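Remarks on the structure that follows.
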Amino acid sequence: MMQARDTIVGRGADALVRESLAIRPGEEALVICDEATRELAEVFWRSAQRAGADAALAIISHRESEEGREPPGCVAAAMAAADVFIAATTRSLSYTEARRRATEAGTRGATMPSATSDMLARMTNLDFPLMAARSRAVAKALTEGAQAHVSCPRGTDVTVDIGRREGIADDGDMSIPGAWGNLPCGEAFISPTGGTGVLVVESIAGLGRFDTPLRLVVEDGRLAAGDERLTRLLDAHGPAGRNLAELGVGTNDCAELTGNVLEDEKILGTVHVAFGASLGIGGTVEVPVHLDCVVLTASLQIDGVPVLDAGKLTAS
C-alpha cells in the first residue's frame with residue numbers, strides 16, 4: 001500500500017513539475033526543504049531531474065513556529081539565480097524577502113509549507129482548468145472591488161477594505177517568468193488596506209483545527225483581541241505582527257479540513273484572513289510572521305455583489 005501511495009505521489013509531482021512549473025530540459029531547479037520535509041522534497045527533486053532540469057537540493061535548518069523567517073543568505077541567492085525553485089519546507093517561505101527577490105529576478109517558484117504526500121495525492125485529483133477559472137474569477141472580483149463583507153453562521157461579521165490593491169489567483173500556473181504560488185493550489189487572495197469586525201475561525205496556521213470555533217476581533221486593520229496562542233505568536237514580532245495581511249477565498253473542491261492550513265485555506269467555499277506580513281502579496285508590512293485563519297461556510301460580498309453564499313461560489 002505504501003509503495004502504491006508513493007507511486008501516486010511521484011506521478012503527481014511529475015505532473016506539477018511539468019505542467020504547473022513547466023520545468024524544461026536544461027533549466028536549473030532548486031528544491032528547498034528541512035529535515036522534516038526531506039522525503040517529500042526528494043520526490044520533487046527527482047521529478048525535476050526526470051523533466052531534464054539540472055536540479056539541486058538544499059536542506060535548511062528547521063524554523064520553529066515561524067512563518068516568514070528568511071532562509072540562509074546562500075539559499076536566498078540560489079533562489080534568485082535559479083530558473084525554478086520549489087520550497088517544500090515546514091514553514092512558509094511565501095512571505096519572505098528571499099521569495100520576493102527571486103520573483104523579481106524572474107524565477108518561477110512554488111511554496112509548499114508542511115505539504116504531505118496524502119495532501120498532494122488528494123488535492124491534485126481535480127479538474128485543474130475549472131479550479132483555475134474559479135480562482136481567476138474571484139481574483140478579478142477582488143481587484144475590481146473596494147469593500148468586502150464576510151459573514152458565516154457562527155457569527156463572523158467583518159468588513160474589509162480592498163480598494164487600490166490587486167487580487168491574485170493561486171491557480172497552479174507558474175509557467176511564466178516571475179510566477180509563484182502554493183502547491184497544492186486553489187485560492188484567490190488580496191492584501192487589504194483595512195478592516196473591522198468579528199471573525200469566527202476553525203483552523204489557524206501553526207495551531208491546527210478547533211472543535212470549538214475561535215472568535216477574533218479586528219479593529220482598524222489589526223487583530224485587537226483573540227486566542228492567546230495566536231496573539232502570542234503574532235506579538236513576538238512587534239505591533240506589525242497583528243496587521244490584517246490577507247483576505248482569501250478557497251477554490252479547490254478536493255481540499256478537506258485537516259488542521260493543516262495549506263489545505264484548509266484552499267477548501268472551496270471558505271474564506272481565510274491572515275495576520276502579519278503582506279509585503280510579498282501587494283501590501284506594505286514586512287515582518288517574519290504570516291498566520292492564516294479559516295472561516296467555514298462563508299458568505300462573501302464585494303461591493304454588495306455576492307461572491308460566496310453560505311459556502312457556495314457565485315462568482316464567474
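The values are calculated or read from the model by the stated rules, or taken from the named source; none is laboratory data. Quick caveat, the model's predicted, so the values are computed rather than measured. Neighbour counts run over all protein chains shown; Cβ positions are idealised from the backbone, glycine included. Surface areas here come from the heavy atoms of the whole protein model, side chains and all, with no ligands, DNA or RNA. Shrake-Rupley method; radii C 1.70, N 1.55, O 1.52, S 1.80 Å.
Please enumerate the residues belonging to region 107-122 that are within 19 Å of Leu279 (Cβ to Cβ) and outside any strand (DSSP E or B).
Thr107, Pro113
Can you tell me which residue within region 137-185, out of those that are part of a loop (DSSP other than H, G, I, E, B) and of a type in the set (Ser, Thr, Tyr), is farthest from Asp83 (Cα to Cα)? Explain how you work it out, then say what you get.
Residues of region 137-185 part of a loop (DSSP other than H, G, I, E, B): 145-146, 152-156, 162-167, 171-179, 183-185.
Adding the requirement that they be of a type in the set (Ser, Thr, Tyr) leaves 156, 175.
On the way: Thr156: 42, Ser175: 11 Å.
By that ranking, first place goes to Thr156.
Could you please give the count of residues in region 110-155 that are among the hydroxyl-bearing types (Ser, Thr, Tyr) and at pLDDT 95 or above? Can you show your working first?
To start, the set of residues in region 110-155 that are among the hydroxyl-bearing types (Ser, Thr, Tyr) comprises 111, 114, 116-117, 124, 135, 143, 151.
Right, trim to at pLDDT 95 or above and you get 111, 135, 143, 151.
Of the residues in region 110-155, 4 are among the hydroxyl-bearing types (Ser, Thr, Tyr) and at pLDDT 95 or above.
Pairs needed: first member in region 246-265, farther than 18 Å from Gly206 by Cα and part of a loop (DSSP other than H, G, I, E, B); second member anywhere, modelled with pLDDT under 95 and open to solvent by 10 Å² or more (accessible area, probe 1.4 Å); C-beta distance under 6 Å; at least 6 residues apart or different chains.
From residues that are farther than 18 Å from Gly206 by Cα and part of a loop (DSSP other than H, G, I, E, B), the pairs are Cys254/Arg122; Cys254/Asn125; Cys254/Leu126.
Considering only residues that are open to solvent by less than 60 Å² (accessible area, probe 1.4 Å) and of a type in the set (Asp, Glu), which ones fall in region 291-316?
If the condition is that a residue be open to solvent by less than 60 Å² (accessible area, probe 1.4 Å) and of a type in the set (Asp, Glu), then Asp292 is the only one that fits.
Quick check on my filter: what residues within region 85-106 are more than 16 Å from Thr284 (Cα to Cα), among the hydroxyl-bearing types (Ser, Thr, Tyr) and part of a loop (DSSP other than H, G, I, E, B)?
Those that are more than 16 Å from Thr284 (Cα to Cα), among the hydroxyl-bearing types (Ser, Thr, Tyr) and part of a loop (DSSP other than H, G, I, E, B): Thr89, Thr90, Ser92.
Would you confirm, using the coordinates I've provided, whether Arg232 is among the basic types (Lys, Arg) and either in a strand (DSSP E or B) or in contact (Cβ under 8 Å) with a residue 40 or more places away in the chain (or both)?
On the way: among the basic types (Lys, Arg): yes; either in a strand (DSSP E or B) or in contact (Cβ under 8 Å) with a residue 40 or more places away in the chain (or both): no.
So Arg232 fails the test.
Condition check ((1) among the small types (Gly, Ala, Ser); (2) within 30 Å of Leu296 (Cβ to Cβ); (3) in contact with a Lys or Arg (Cβ under 9 Å, 6 or more places away or on another chain)) across all residues:
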{"site": "Met79", "(1), (2), (3)": "no, no, yes"}
{"site": "Thr89", "(1), (2), (3)": "no, yes, yes"}
{"site": "Asp118", "(1), (2), (3)": "no, yes, yes"}
{"site": "Ser135", "(1), (2), (3)": "yes, yes, no"}
{"site": "Ser151", "(1), (2), (3)": "yes, yes, no"}
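Just to confirm my filter: which strands (runs of 3 or more DSSP E) fall fully inside region 189-228 and include at least 1 residues that are modelled with pLDDT under 95 and of a type in the set (Asp, Glu)? Break it down into steps so the answer makes sense when it comes.
Values: elements: 194-204, 208-219, 222-225.
Counting at least 1 such residues, we get 208-219.
Tally time: how many residues in region 39-64 are under 20 Å from the mean Cα position of the chain (by Cα) and either open to solvent by 60 Å² or more (accessible area, probe 1.4 Å) or more than 15 Å from Pro113 (Cβ to Cβ) (or both)?
Initially, region 39-64 is screened for residues under 20 Å from the mean Cα position of the chain (by Cα), giving 40-41, 44, 62-64.
Adding the requirement that they be either open to solvent by 60 Å² or more (accessible area, probe 1.4 Å) or more than 15 Å from Pro113 (Cβ to Cβ) (or both) leaves 62, 64.
Residues meeting the conditions: 2.
Sort out which residues of region 184-199 are open to solvent by 10 Å² or more (accessible area, probe 1.4 Å) and either touching a Cys at 6+ places or on another chain (Cβ under 7 Å) or among the aliphatic types (A, V, I, L, M) (or both), and write them in order of number.
Val198
Could you say which residue among Thr96, Thr107 is modelled with pLDDT under 95 and open to solvent by less than 20 Å² (accessible area, probe 1.4 Å)? Give the derivation first.
On the way: Thr107 fails: modelled with pLDDT under 95.
Among Thr96, Thr107, only Thr96 is modelled with pLDDT under 95 and open to solvent by less than 20 Å² (accessible area, probe 1.4 Å).
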